[in-house]
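Notes for the one structure printed next.
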Amino acid sequence: MAKKVRAQFTVEAVFVMPIVLFAIVAVIYISFYLYDYCRIQATTDLLLHKAVLNLNHEVDIESGKIFYEDIGKQGIFYQVFGISDTKLNYIGNLLAEKLSRGLLATEIRDIKVSASMSKVAIYVEGEFRIPIKGAADLLFRKRTVIVEAERERHNPANTVRISEVILQSGSKIKGLDKLKENLEKLQQIP
């Protein structure tokens, strides 16, 4: 004897299945978003770390190979003028190249690299794209992926050089001995 299926199961399935399918698609796209965000953050951090270590000299940032022949061509005030725009553009282009492959659903729109004497900063902006038209609005209010990374530049050799110049210049200033004596007298006053 054949079992009869009641119609209520069909009606319930009509209401439940779209919710289940939407939940599955939502989990898949949220995982795509998290993967892309983490990949952008990791790639930016790694490149920034390599750049900060290697910006003091003429170096291939990706491999770390130092071009010693170019260091001699640098000029005496190369650190005073900061990092050249060509190096910053090179970092930006290298990051764009690395991010152009491997992202699942994010399109990179903007990469900015800036540097000062003591810091290097990278700003990456992308747009997360979902091919299902209404799902994008339901899942994500803001589909812009923004990653900002900043690192301090530490150059101990330059710090020592600057300290030596200050100490040597200070010892040649007339009246410095009198100033030193007066400061020592002030320290002795209770």
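Odds and ends about this structure:
- Sparse-neighbour loop sites [trypsin sites (Lys or Arg not before Pro); region 12-68; at most 16 other C-beta within 10 Å; DSSP]: 65
- Ordering 120-130, 175-185 by mean Cβ neighbour count within 10 Å, with the highest value first, yields 120-130, 175-185.
- Restraint check, 87/112; 119/142; 50/142; 87/142, Cα-Cα greater than 24 Å: 119/142; 50/142; 87/142
- In this simple spin-label approximation, residue 27 and residue 10 carry label points 7 Å from Cα along the Cα→Cβ vector, and these lie 2.9 nm apart.
- Across region 102-111, computed HN-Hα scalar couplings (Karplus, 6.51 cos²θ - 1.76 cosθ + 1.60, θ = phi - 60°) run x, 8, 7, 9, 10, 10, 6, 9, 8, 10 Hz from first to last residue, x flagging Gly and Pro.
Taken together, the values in this text are just the output of simple stated rules run on the coordinates, not laboratory data. Given the structure is predicted, the values throughout are model-derived calculations rather than measurements. Using ideal geometry, Cβ is built from the backbone for each residue, glycine included, and neighbour counts are taken over all protein chains shown.
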